[in-house]
């Protein structure tokens, strides 16, 4: 399973290929597993168990909590470098292996979150971090490892430990307790927003049809004939714009993502300073995502279905957002490239958690924690919280203002 997944991806693996590669009979395979998904989950559990034991054993060698965290991360990095095929299965292909695999991954994340929370609570007697911040830290570490693995630079992980530690410690100040008192902005319920491109050409019609079909029935149901029928275009027209279903789906994600970010941009541009703009933009994005289940489902769940190309798109999107986070920041407050990448990865992981657990509509309550993940490494925890607290009163106006365009977008969907 590990070898075939590394070479071809999970979606291309079949029971027939498994038994042929392993040189066993189908009968013997089915004595052990109900199908390829159960086999994959058994392999995933084995990889994670080995990893956890190795990390815990390595961390015990440290006398001080910082050293234990550092040794644990180095052990994690060594595991990825030493067996990149197994790491790819557990960190990349797990997203494409179905709901059962995603649930396993979430359980794994919860374990590491508890481990990280326990150790960071020892940071000079710092207060216990809010769960969403811890979730972001673990998501950032996973994202970092995944990106290095996909780019063929897994050995770089051994050098990332110090920067990751410094980034994580930026959240551990005494002021973090103020974050617990911040939640939803108090804005009234808003009508559902819908992401859609202007239906002014055949390409846009195809993208809109792809978004509707994938949102309602899942990526796995997409075929070129179904997309063409829903869009009302010819095969020749489809082939002119797209190479196939996967290419069309990724183009749909790209277009919807750009439009979602563009819709949130005014919140940033109208703020008095960079930090306030970042917070207002994050609050606006949370509100928009909460009201746009079609886009959140596609961008945070269905995005993994096409396989490695879509996962690579996700990594590139996070890198692009990290660049945007740094742009516009005054030099004295500009986060490093590493910190920006880690913060965006952390935020993406928290949003994914809300969507995967069917709580996407509650995303506005996560806005303060997401802003803290973005701003604390650049400003320091206390200054970041000052910005967030000052901005909470403004968030309501930003969210209500964003709602004004919702009816127009809904009419576009009807068209």
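The values are calculated or read from the model by the stated rules, or taken from the named source; none is laboratory data. Every value quoted in this text rests on a predicted model; they were computed, and no experiment measured them. Note that we place each Cβ from the backbone using ideal geometry, even for glycine, and neighbour counts take in every protein chain shown.
Couple of notes before you dig in:
- For residue 323: the one exception among (1) surrounded by 16 or more Cβ atoms within 10 Å (Cβ to Cβ); (2) under 22 Å from residue 140 (Cα atoms): (1)
- Note on the range 55-67: residues that are in a loop (DSSP other than H, G, I, E, B) and either surrounded by fewer than 13 Cβ atoms within 10 Å (Cβ to Cβ) or in contact (Cβ under 8 Å) with a residue 24 or more places away in the chain (or both) amount to 4.
- Which listed residue, of 13, 94, 19, 24, is under 29 Å from residue 167 (Cα atoms) and assigned by TED's automatic domain parsing to the domain that holds residue 120: 94
- Residue in the range 71-82 that is assigned to a helix (DSSP H, G or I), assigned by TED's automatic domain parsing to the domain that holds residue 164 and exposed (fewer than 15 other Cβ atoms within 10 Å of the Cβ) present: yes
- Inspection of the range 132-141 finds no residue satisfying the criterion of being closer than 16 Å to residue 69 by Cα and in a loop (DSSP other than H, G, I, E, B).
- Residue 228 in the same structural domain as residue 204 (by TED's automatic domain parsing), closer than 14 Å to residue 202 by Cβ and either touching a residue at least 40 places away in the same chain (Cβ under 8 Å) or in a helix (DSSP H, G or I) (or both): yes
Yes/no per residue for (1) at negative phi; (2) under 22 Å from the mean Cα position of the chain (by Cα); (3) at pLDDT below 80; (4) not assigned by TED's automatic domain parsing to the domain that holds residue 111:
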position: 144; (1), (2), (3), (4): yes, yes, no, no
position: 149; (1), (2), (3), (4): yes, yes, no, no
position: 195; (1), (2), (3), (4): yes, yes, yes, yes
position: 209; (1), (2), (3), (4): yes, no, no, yes
position: 222; (1), (2), (3), (4): yes, no, no, yes
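- Subset of the range 331-348 [surrounded by fewer than 23 Cβ atoms within 10 Å (Cβ to Cβ) and under 23 Å from residue 103 (Cα atoms)]: 348
- Filtered by the rule that a residue be surrounded by 14 or more Cβ atoms within 10 Å (Cβ to Cβ) and in a loop (DSSP other than H, G, I, E, B), the range 1-54 gives 1, 9, 13, 33.
- Only one of the numbered conditions (1) assigned to a loop (DSSP other than H, G, I, E, B); (2) modelled with pLDDT of 85 or more is violated by residue 328, and that is (2).
- Flag for residue 342 being closer than 17 Å to residue 377 by Cα, assigned to a helix (DSSP H, G or I) and at pLDDT 90 or above: yes
- Residue count for the range 361-415, restricted to those that are at pLDDT 90 or above and crowded, with 18+ Cβ neighbours inside 10 Å: 20.
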